[in-house]
1. Need the full-extension length gain, Ser146 to Ala109, defined as separation in residues times 0.36 nm minus the C-alpha distance. One decimal, nm.
2. May I ask you to list the residues of the range 144-170 whose amide nitrogen lies under 18 Å from a point 7 Å from Cα along the Cα→beta-carbon direction of Leu125?
3. Per residue, how much space in cubic angstrom lies within the convex hull of the C-alpha atoms of the range 131-173?
4. Hey, what did the range 82-173 get for relative contact order, percent, Cα under 8 Å, at least 6 apart?
5. Note down the relative contact order for the range 1-63 as a percent, whole number, built from C-alpha pairs under 8 angstrom at least six residues apart.
6. Quickly estimate the mean residue ellipticity at 222 nm for the chain, helices only: each DSSP H run with n ≥ 4 gives -39500 (n - 2.57), and the total goes over all residues, rounded to 500.
7. Using Cβ contacts closer than 10 Å as the measure, can you line up Arg120, Arg93, Arg6 from fewest to most?
8. On a full-extension model of 0.36 nm per residue, what is the gain between Ala71 and Ala86, subtracting their alpha-carbon distance, rounded to one decimal in nm?
Amino acid sequence: MYSISRLSAEAFEEQLPDLAGLLADSVDGGASVGFVKPFEHEEAERWWRDRADAVAAGTLAVWTAREDGGAVAGTVSLGLEEKPNAAHRAEIRKLLVRRESRGAGLGRALLAAAEQSAARAGVTLLMLDTATASTADHLYRNTGWSCYGVVPDYAADPDGVLEDCSFYYKRIG
């Protein structure tokens with residue numbers, strides 16, 4: 001059983017090592033989430049630390065899933081748009097699930113938590129992108145997201161191989 005909670009700025013700072021471990025695990029496991037190998041824990045922690053100001057400002061919401069006091073098993077982030085003409089939309093970012101925790105519906109639960117929070121905040125349109133034909137791609141297709149395009153050779157996977165990227169939107173609220 002996992003508990004999912006949105007992190008306060010203070011809790012975010014406290015959980016940086018766990019978040020970094022999760023990110024490093026995801027990249028090591030082949031997840032195409034913006035990084036290439038070699039990718040060390042220190043680099044992952046630095047990446048998360050660079051988001052602390054956005055978390056404190058409320059423009060980035062971060063949730064974690066933990067199994068009864070254990071390490072972080074998953075996370076998802078919601079980037080809220082700062083431009084006045086785009087306040088109705090937000091972006092799902094860094095949906096990550098530790099390799100040994102996959103297959104139990106945790107990604108789906110984290111995604112639902114972010115979607116519900118976005119709807120409560122008045123967001124009516126969510127956006128995201130993911131590697132085409134990935135596990136995440138299948139998750140989004142199966143949870144009501146609409147693919148509006150695929151860009152070939154959009155980004156390199158952790159091994160440096162260029163992959164296509166699928167772009168999605170979902171109307172909520």
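All of the numbers you see were taken from the coordinates with simple rules; none came from a lab. This one's a predicted model, so the numbers in the text were calculated from it and none came from an experiment. Counting neighbours? That spans all protein chains shown, and the Cβs are built from the backbone with ideal geometry, glycine included.
1. Extra length available between Ser146 and Ala109 comes to 11.5 nm.
2. Label zone hits: 145-150, 167-170.
3. Details: hull volume 2.9 nm³, N = 43.
Looking at the range 131-173, the number lands at 68 Å³ per residue.
4. Answer for the range 82-173 is 30 percent.
5. On the way: 48 pairs, mean separation 29.9, N = 63.
Relative contact order, the range 1-63: 47 percent.
6. -9500 deg cm²/dmol
7. Working: Arg120 9, Arg93 21, Arg6 16.
Ordered by Cβ neighbours within 10 Å, fewest first: Arg120, Arg6, Arg93.
8. Taking Ala71 through Ala86 to full extension adds about 1.9 nm, to one decimal.
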